[in-house]
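Read through the structure below, which is laid out as structure tokens, and then see the notes.
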There are 2 protein chains.
Amino acid sequence: MSKKISFDFRDGNFFSQEEITASREKIYSHLDELLAVAKTGLYEKKESFINLPQDSRLTETVSALTAKKKNSHLRTIFLLGIGGSNLGTLAVYDALRGQNFFSDENNIRIFFLDTVSPLVAREAEAIVKKAREADEILTLVISKSGSTTETVANFEFLYALLNKKWGEKANERIIVITDSGSNLEEKARAKNWEILNIPAPVGGRYSVFSAVGLLPLALAGFDISKFQSGAAVMLNDCLSKSEDNPALMSAILIFLHFYKGLPINNIFFFNPELESLGKWYRQLMGESIGKEKNLTGEIVNIGITPMISIGSVDLHSMVQLYLGGPRDKFTSFVYIHQQGLAQVPTKTALASASLLANKDFAEIMSAILEGVKTAYRERKLPFISVSWPEISEFYLGQFMQFKMLEMIFLARLLNVNAFDQPSVEEYKKETKKILKG
Amino acid sequence: MSKKISFDFRDGNFFSQEEITASREKIYSHLDELLAVAKTGLYEKKESFINLPQDSRLTETVSALTAKKKNSHLRTIFLLGIGGSNLGTLAVYDALRGQNFFSDENNIRIFFLDTVSPLVAREAEAIVKKAREADEILTLVISKSGSTTETVANFEFLYALLNKKWGEKANERIIVITDSGSNLEEKARAKNWEILNIPAPVGGRYSVFSAVGLLPLALAGFDISKFQSGAAVMLNDCLSKSEDNPALMSAILIFLHFYKGLPINNIFFFNPELESLGKWYRQLMGESIGKEKNLTGEIVNIGITPMISIGSVDLHSMVQLYLGGPRDKFTSFVYIHQQGLAQVPTKTALASASLLANKDFAEIMSAILEGVKTAYRERKLPFISVSWPEISEFYLGQFMQFKMLEMIFLARLLNVNAFDQPSVEEYKKETKKILKG
């Protein structure tokens, strides 16, 4: 049997079983709808993202393109994309490759170009200049609409460089991931760039198990089959009507605390390399439930503000506020037992190290986390705990699937559309006006 | 005349002049106290951090130690410290050195060890193993109390490696920055490690202009005299009773919005390399005004939750919530005109690039920011704007001084102690119990 993520919804929970059950029943019809979506295996509804991890045609397409484009010369993947087009990949990449400053000389590096930054663009330029052959580089352009301003600007900048250096050959090293029928796809066809599509109903923030996430991760050498199977295992649990459905339980607790007057959701990772995973979740929550209108069109200006904390760093920065300040946050502690031995020596130099002598770093971190949880319990601050045995593709797949299901349940409980982001257009139209001059 | 940071407190402000004036007058006695502190130039009060940037003895000490320990072989500075001991340095380092993934082969790199992480510890170990001589490395141990768990654990791990490789010579490459009289200082004296002190009343989150920030920045090659002079210029403006006092104006607007029901403060940088500066500010606000008790000892559980946003990345992640969701945030936009030309070519490949052709990235980013501000204005969401012409030591010094003054004014308006963090002890005592077994 596969190992699963562990959840503790009891410790730190101050709601009664009755309150929880009442909310659970509101979601049962939603579960039936999702089961029907899962049964078809098709991409007909916004919820169809749940079918991605078990889509064998998708897996074949991604594997075939990976085999075709990846060769022993490949050093750098330029990933041009922002928001839903890169946050999932970045989350997995940072979690598994460690923090940016780690030496990864022997690995294929993904170089992310998201916003427009001359600093980042010039660094990309230096990589192109240094490359001895076109095969050292692959350029992935990811944009659902095909017209995201930052992605287009970065692409034009980079394409001019690649084209200048390698001429027609540059076109063989470009892959586009976009909606079928976008302008970008049309141009890609004309230029013979490779094309992968995102199923139309799947939104950016739910697309990590589509080609958007799978292709760059496969190219960079991660085991996407484990990533997918983690998601599949979790989907099963999250579509069940049992009391152990973790996505449902988590959604209910976030919902109940929101209505109790807690407008902030604090996801508190005790592994610093998961900060980007937090940023992926931040988009998922920010866009999915931050809404001007509810499902019946009434103006509600609803939403929960997600924040990311990193242990133990933020214990020296934010925990004074968390413990002493207003009771306006619901917290999820996430901890994965640290891998890779690092130990305080038996014979220590400093007197203040007496308690630490001979202890492993994982043991120290675990004691810190338990100290924090005890302080939360004493102050009756609400929290849930999530943990798993190691940071790997399999568990990341589980966690991301869990969070996406949690979010659509939460949207249902809040009576909002989990899949749109209409307010974003407000600034975009202004920006366009300015660019038009 | 020196150039200064520009502030716009009018655009995005929905309070009347009367409301602002009433708050301003509450702070005038505080300004008198601060002027008295500035006049002494001494370190007798918690507010004495304002005297650091003009402390010529401190400058001499830091410069002398830099000259003594920095040589042409130096490649890596291990900075062991967490919270107030490293966030200020990290803020300046990331702002000026660009994001972590930039190639900085010719620079001296600061390697930060904050929390306990086997991944990071092993990377540090690899650097020690690779070094050919002791002079390539300097180890800075920064802890005000001298007994911070994570810093002590990291130090013991690293010291064992350094000692094994270089024996007694390792002791010549260790510098300790701590309070006078700490256990760490005592040990440092016995081992002949270099020692710098932090003036006792200066707290960690107000210590960036003490040796805590100045020494690592000077060693890494930054111009600390410009950093200090920026702070000095700003101090002058922030101690004035004029309507243009930026720290006072900013504190008043944050305060008024908090009492109007906005519990979240959103600092929104449009330069991604300033994210660590945001994290420094997050600690400053989280610890300085997140308090269980007010100055008269009543339980108030007060505080404003700081959050960091990054433009344009978070426009594709959080702005749906900001525009459509609850009106619970007060925003500070911070934008520095991007340096270093990167341009979209005149002849573009994609149809969607038509508006971008021949435009510089800075122009595009500026149009995006203006689009966002217009959307905020239309929704009457409150904000202030801060900008300056380039990211440099001088302007970072101004900004950090401005924010520290803003925070002590804000604490005064909220009637809390800006300098303590009593609730932090709650988890620490639990962690100690667990470590004792």
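The values are calculated or read from the model by the stated rules, or taken from the named source; none is laboratory data. This structure is a prediction, so every number in the text was calculated from the model and none was measured. Neighbour counts are summed over all protein chains in view; Cβ atoms, including those assigned to glycine, are modelled from backbone coordinates with ideal geometry. For accessibility, only protein heavy atoms count, side chains too; no ligands or nucleic acids. Shrake-Rupley method; radii C 1.70, N 1.55, O 1.52, S 1.80 Å.
Observations
- Counting only protein heavy atoms and a 1.4 Å probe, the protein assembly as shown has 36 square angstrom of accessible area per residue.
- Angle between chain A longest axis and helix A:87-97 axis [Cα atoms, degrees, rounded to 10]: 80
- Full-stretch length increase - B:K226, B:H73 - with 0.36 nm per residue and alpha-carbon distance subtracted: 52.5 nm
- Total lysine pairs whose alpha carbons fall under 12 Å of each other in the range B:44-222 (8 or more apart, or interchain): 4
- The order of A:D11, B:D314 by accessible area, most exposed first and with a 1.4 Å probe, is A:D11, B:D314.
- Selected from A:Y28, A:Y259, A:Y93 as most flexible by GNM, with chain A as the system and alpha-carbon contacts under 10 Å: A:Y259
- The protein assembly as shown - Debye-derived log10 I(q)/I(0), Cα point model, q = 0.06, 0.07 Å⁻¹: -0.39, -0.53
- A simple spin-label model places the labels of A:E133 and B:L35 7.4 nm from each other, with each point 7 Å out along Cα-to-Cβ.
- Carbon + sulfur, % of accessible area of the protein assembly as shown - ligands and nucleic acids excluded, 1.4 Å: 49
- With label points defined 7 Å past Cα in the direction of Cβ, position A:R132 shows copy-to-copy spacings of 2.3 nm, given to one decimal and shortest first.
- Computing FRET efficiency as 1/(1 + (r/R0)^6) for A:K169 and A:A126, where r is the C-beta to C-beta distance and R0 is 22 Å, gives about 0.65.
- Ignoring aspartates and glutamates fewer than eight residues from B:K436 along the same chain, the ones with Cα atoms less than 19 angstrom from its Cα are A:D360, A:E363, A:E370, B:E150, B:E156, B:E425, B:E426.
- Normalised contact order of chain A, rounded percent, pairs of Cα under 8 Å and 6 or more residues apart: 22
- Length released on extending from A:T61 to A:K436, taking residue separation times 0.36 nm less the Cα-Cα span: 131.0 nm
- Peptide B:308-314 has a mean shielding of 5, counted as Cβ atoms of other protein chains within 10 Å of each residue's Cβ.
- When you restrict to C-alpha pairs under 8 Å that are six or more residues apart and normalise by the size of the range A:158-231, the relative contact order lands at 21 percent.
- Neighbour-limited loop hits for trypsin sites (Lys or Arg not before Pro), the range A:122-168 (at most 13 other Cβ within 10 Å; DSSP other than H, G, I, E, B): A:R132
- Only Lys, Arg, Asp and Glu carry charge here, each on its Cβ (+1 for the first two, -1 for the last two); on that basis the protein assembly as shown has a dipole of about 680 debye about its Cα centre.
- Distances from A:D420 to itself in the other copies, using label points 7 Å out along the Cα-Cβ axis, amount to 5.2 nm in increasing order.
- Trypsin sites (Lys or Arg not before Pro) restricted to DSSP loop in the range A:1-96 with at most 15 other C-beta within 10 Å: A:K3, A:R10
- Formal net charge of residues neighbouring B:S225 (Cβ-Cβ distance under 15 Å; K, R +1; D, E -1): -2
- For the range A:44-222, the Kirkwood radius over C-alpha pairs fed into Stokes-Einstein at 25 °C and 0.890 mPa s yields D = 150 µm² per second.
- B:F49, A:F15, ranked by accessible area, largest first (probe 1.4 Å): A:F15, B:F49
- Structural descriptor for the range B:87-177: relative contact order 31 percent, calculated from alpha carbon pairs under 8 angstrom and at least 6 residues apart.
- Gaussian network model of chain B, springs between alpha carbon atoms under 10 Å - residue of B:T149, B:T296, B:T40 with greatest fluctuation: B:T296
- Chain A: angle of helix A:224-238 to the longest principal axis, Cα-based, in degrees nearest 10: 40
- In the complete set of protein chains, residue-level accessible area for B:S366 is approximately 40 Å², probe 1.4 angstrom.
- Exposure rule at most 15 other beta-carbon atoms within 10 Å, DSSP loop GluC sites (Glu not before Pro): chain B longest free segment: B:134-242
- Environment charge of A:H316, counting only residues whose C-beta is closer than 12 Å and scoring Lys/Arg +1, Asp/Glu -1: +1
- Under 9 Å, Cβ to Cβ, from A:P382 - net charge with Lys/Arg +1 and Asp/Glu -1: +4
- Chain B: angle of helix B:393-414 to the longest principal axis, Cα-based, in degrees nearest 10: 70
- Gaussian network model of chain B, springs between alpha carbon atoms under 10 Å - residue of B:F111, B:F78, B:F361 with greatest fluctuation: B:F361
- Most to least accessible of A:R412, B:R205 (protein chains only, probe 1.4 Å): A:R412, B:R205
- The mean number of partner chain beta-carbon atoms within 10 angstrom of a residue's beta-carbon across peptide A:417-427 is 5.
- In terms of its C-alpha gyration tensor, the range A:77-181 has an oblate overall shape, because the principal axis ratio a/c (a ≥ b ≥ c, square roots of the eigenvalues) is not below 1.5 and a/b does not outweigh b/c.
- Label point 7 Å beyond Cα along the C-beta direction, distances from B:R379 to other copies (nm, shortest first): 2.9
- Pairwise centroid distance, computed over Cα atoms, of the range B:270-336 with the range B:204-260, Å: 17
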